[in-house]
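Before any comments, here is the structure.
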Amino acid sequence: MDKKRVAIIGVTGSVGQEFVHSLHNHPWFEVTQIAASERSAGKKYLDAIRDSDGIVAWDVGGEIPEYIKDMPVLKVDELDTSQLDLVFSAVESEAARDIETKMAADVPVISTSSAYRYEDDVPILIPGINDEQAELLDVQKKNRNWKGWVAPLPNCTTTGLAITLKPLLEKYGAKKVLMTSMQAISGGGRSGVSAMGIMDNIIPYIPKEEEKVRIETRKILGKLKDGKIEDADIKVSCTCTRVPVIDGHTESVFVETEKRIDPIAAKKTYEEYNKSISVVGLPSAPKDYYVFHEDPTRPQPRMEREVGGGMTTTIGRVEKEELFENGLKYMLFSHNKKMGSAKGAVLLAEMLYKKGKI
Ligand SMILES: NC(=O)c1ccc[n+]([C@@H]2O[C@H](COP(=O)([O-])OP(=O)(O)OC[C@H]3O[C@@H](n4cnc5c(N)ncnc54)[C@H](OP(=O)(O)O)[C@@H]3O)[C@@H](O)[C@H]2O)c1
């Protein structure tokens, strides 16, 4: 089969580097063009990721794939969309708005930025959770008279929350959710959090994060009706914090349900969902979408982040919550740069390719 030709925009950043890794030897997609800001444009990739002291700053770990080392980093304007089947966009949201608008006029765009997430004709997709909302991409394409579309992923903190709530919502009717996040440093990007600021510290505020989690969770868990998404009727409140962990977000969740639930029933629900999850068999899908621990010392970022290649969501500390008539409390772990961004975006591309949208 001819592989689909893809570009990565924001290829030098934290998420961009993960894209390089996730697309290495991919069976369906081949990276043929890469772009970043003017700072990097005109350099070979390996030189573009050197810091101001000339040190190669590769955040992913392991070797940098050979295919990318000498590839020239382009300006966004230099990308040739006539030679592309798909664009992965990993730039901050202000720059992303113009870039993604320009790209989507010609070619489908899968984005990790928030630039388009809150538009009525734009679904926020998590493969395996709300695949049916992908039908909105056809509406979007028509509305905007584009050849492509923009399909954003959620904020990486929303991802684990929405993934763990979905089975509970379907089976037990989630009504209210309280969440406190302990988010990794890498979630802030390459220049996001200074080492001096985060070591021996917890930052109790992440600008705009809590609003994003509230809005996105309701939209993702909503229903597509007559070409529009009806938000799920769940009240979400959260506190988002930054902690000195390199990769992977941990979240403490309290959920009030309509029906009676207990940890055994929850475990069974996640196990059943694992068997029927739509992404089974896709190249970037993990063996287990959910892992449920009864050991109260899990989840821990160091132990969970490699599970399922960073694509598994881990749930632990599950207890009946006595504050509510019906409800649970639990902790989750979700990898912000794998399932929560680059590799999750590749999984989304695989799902949309299977649906014939790419
Ligand atoms: N980090 C995470 O865990 C995570 C998770 C989910 C979603 N996201 C979202 O993903 C996006 C990227 O995040 P990140 O953490 O990878 O940020 P980052 O490390 O700061 O990287 C930003 C990338 O965008 C490029 N860039 C900046 N301005 C540009 C412009 N005007 N034109 C073209 N390229 C431009 C940068 O290129 P230069 O190197 O040349 O400056 C760099 O490659 C953001 O929207 C973020 O909110 C991040």
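The values are calculated or read from the model by the stated rules, or taken from the named source; none is laboratory data. On a predicted model such as this, the values are computed, not experimentally measured, just so you know. In this analysis, Cβ positions are derived from the backbone assuming ideal geometry, glycine residues included, and neighbour counts consider all displayed protein chains.
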The one condition His335 fails out of (1) in contact with a Gly (Cβ under 8 Å, 6 or more places away or on another chain); (2) free of Cβ contacts under 8 Å to residues at least 24 places away in the same chain; (3) surrounded by 18 or more Cβ atoms within 10 Å (Cβ to Cβ) is (2)
Could you tell me whether the range 130-151 includes any residue that is at pLDDT 95 or above, polar (S, T, N, Q), surrounded by 24 or more Cβ atoms within 10 Å (Cβ to Cβ) and part of a helix (DSSP H, G or I)?
no
For Ala265, the lone unmet condition from (1) among the small types (Gly, Ala, Ser); (2) closer than 20 Å to Met179 by Cβ; (3) more than 18 Å from the chain's Cα centre (by Cα) is (2)
Next on the checklist: Taking the conditions exactly as written (hydrophobic (A, V, I, L, M, F, W, C), within 16 Å of the ligand (Cβ to nearest atom) and either free of Cβ contacts under 8 Å to residues at least 60 places away in the same chain or over 21 Å from Leu153 (Cα atoms) (or both)), does Ile206 satisfy them or not?
Outcome noted: yes
Val177: passes all of (1) touching an Asp or Glu at 6+ places or on another chain (Cβ under 7 Å); (2) surrounded by 15 or more Cβ atoms within 10 Å (Cβ to Cβ) but (1)
Taking the range 15-50 and keeping only residues that are crowded, with 24+ Cβ neighbours inside 10 Å, under 20 Å from Gly187 (Cα atoms), small (Gly, Ala, Ser) and within 8 Å of the ligand (Cβ to nearest atom), one is left with Gly16, Ala36
Exactly one of Arg144, Arg97, Arg117 is within 15 Å of the ligand (Cβ to nearest atom) and touching a residue at least 24 places away in the same chain (Cβ under 8 Å), and that one is Arg117
Result of the Cβ filter at 6 Å on the range 36-53, keeping first residues that are under 15 Å from Gly16 (Cα atoms) and partners that are near the ligand (Cβ under 7 Å from one of its atoms) and in a helix (DSSP H, G or I), at least 6 apart or interchain, is Ser40/Ala48
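Name the one entry in Met311, Met303 that is among the aliphatic types (A, V, I, L, M), surrounded by fewer than 22 Cβ atoms within 10 Å (Cβ to Cβ) and under 21 Å from Cys156 (Cβ atoms).
One residue alone meets the criteria, Met303.
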- Task: State whether the residues of the range 52-69 include one that is farther than 24 Å from Gly187 by Cα and in contact with a Lys or Arg (Cβ under 9 Å, 6 or more places away or on another chain).
- Result: yes
Going through (1) at negative phi; (2) over 23 Å from the mean Cα position of the chain (by Cα) one by one, Pro27 fails only at (2)
Listed by range, helices (runs of 4 or more DSSP H) wholly within the range 255-358 having at least 2 residues that are more than 15 Å from Ile129 (Cβ to Cβ) and touching a Leu at 6+ places or on another chain (Cβ under 8 Å) are 263-276, 342-354
Quiz item: Can you find a residue in the range 220-235 that is within 12 Å of the ligand (Cβ to nearest atom) and of a type in the set (Val, Ile, Thr)?
Solution: no
